[in-house]
1. Could you work out the local net charge near Val161, counting Lys and Arg as +1, Asp and Glu as -1, over the other residues with Cβ closer than 11 Å to its Cβ?
2. Over region 121-171, what is the mean sequence separation of C-alpha contacts under 8 Å (at least six apart), divided by residue count, expressed as relative contact order in percent?
3. Sorted by average packing, counted as other Cβ atoms within 10 angstrom per residue and highest first, what order do 88-101, 117-130 take?
4. Multiply the residue separation of Gln154 and Asn115 by 0.36 nm, subtract the distance between their alpha-carbon atoms, and state the gained length in nm to one decimal.
5. Using a Förster radius of 35 Å, what is the FRET efficiency between Val25 and Leu168 based on their Cβ-Cβ separation? Nearest 0.05, please.
6. As an exercise, use a Förster radius of 35 Å and the Cβ-Cβ distance of Glu107 and Glu191 to find the FRET efficiency, rounded to the nearest 0.05.
7. Net charge near His134: determine it from the other residues with C-beta under 13 Å of the C-beta of His134, scoring Lys and Arg +1 and Asp and Glu -1.
8. Using amide H atoms built 1.01 Å from N in the peptide plane, name the residues 5+ places from Leu135, or on other chains, whose amide H lies under 5 Å from its own.
Amino acid sequence: MNSGLWGQEKNTSPLWDEWKFYILVQEYNIVDKQTSKHVKIPRGSIAQLLQDCNSLGRTVATTKGKKIQLAVMILEQPHSILFVDEKDLIEINDSIAELLLAVTNCEDRYLLFKNKPRLYKGLQTDIDSDVRVHLRSGDYKLPGLVRFKGPLQQERPLSGVYFGVELLDEGRGKGFTDGSYQGLQLFRCEEECGVFVAIDKLELVEEEDEELESDFAPSVDIRSKEHPPLE
């Protein structure tokens, strides 16, 4: 993977020889060998296939026959390596993996993955796309324009795709940046008019949406206006 990961070079470790990603569709519980504590791996977690481990293969016998398990590393918990039933994993391409990894809540990520139309629109969202941004729960969505798309942590090989959005109209002054992130200027806008968000906080505005809004806009009837009394 090269251009698909925004120009980042692969790790030279044999474990990263091939970039093959999955989303976990079933919750798992594992035991941390260092602390002996149970750790929950929720559905919606992004996993990377570990080629070295899987070259050994693992078939588990059950009362219903045999099942195949794959060795994967959970990206949000890089020290969590586990064998997962093949049926509990769905393979995803690198573009979807990058898009979903920025969504920090695994359940929200899983629901977004299941919502194919919205996921497809997310993949279409790019620089200069008109969007609406949902910043806070309960608030209405603010209009904006995508000015940046890519990772915020450039040094990491896979850190998720974020969108830098310049808020427009009533959204001006409700942001938290001028387009910079941790001292790095990723795009430019006025102070407090920019935000960095994951795809779950964005809604792509398409031409038909704008036409629909104009179709349902209240018409002005000049006959209903009150006229000043005649003297």
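1. On the way: positive: Lys149; negative: Asp94, Glu98, Asp126.
Net charge in that neighbourhood comes out at -2.
2. Values: 82 pairs, mean separation 16.0, N = 51.
Averaging sequence separation for qualifying contacts and normalising by length gives 31 percent for region 121-171.
3. Numbers: 88-101: 18.9, 117-130: 14.6.
For the peptides 88-101, 117-130, the packing ranking is 88-101, 117-130.
4. Working: separation 39, 0.36 × 39 = 14.04 nm, distance 2.88 nm.
In short, 11.2 nm is gained.
5. Values: r = 38 Å, r/R0 = 1.08.
That pair, Val25 with Leu168, gives E of 0.40.
6. Values: r = 34 Å, r/R0 = 0.98.
That gives a FRET efficiency of 0.55.
7. Values: positive: Arg118, Arg132, Arg136, Lys141, Lys174, Lys201; negative: Asp108, Asp139, Asp200, Glu203.
Computed value for this residue: +2.
8. When sequence neighbours closer than 5 places are left aside, the close amide H contacts are Leu142.
The values are calculated or read from the model by the stated rules, or taken from the named source; none is laboratory data. Quick caveat, the model's predicted, so the values are computed rather than measured. With ideal geometry, Cβ positions are generated from the backbone for all residues, glycine too; neighbour counts draw on all protein chains shown. Side chains included, ligands, DNA and RNA excluded: accessible areas come from the protein's heavy atoms. Shrake-Rupley method; radii C 1.70, N 1.55, O 1.52, S 1.80 Å.
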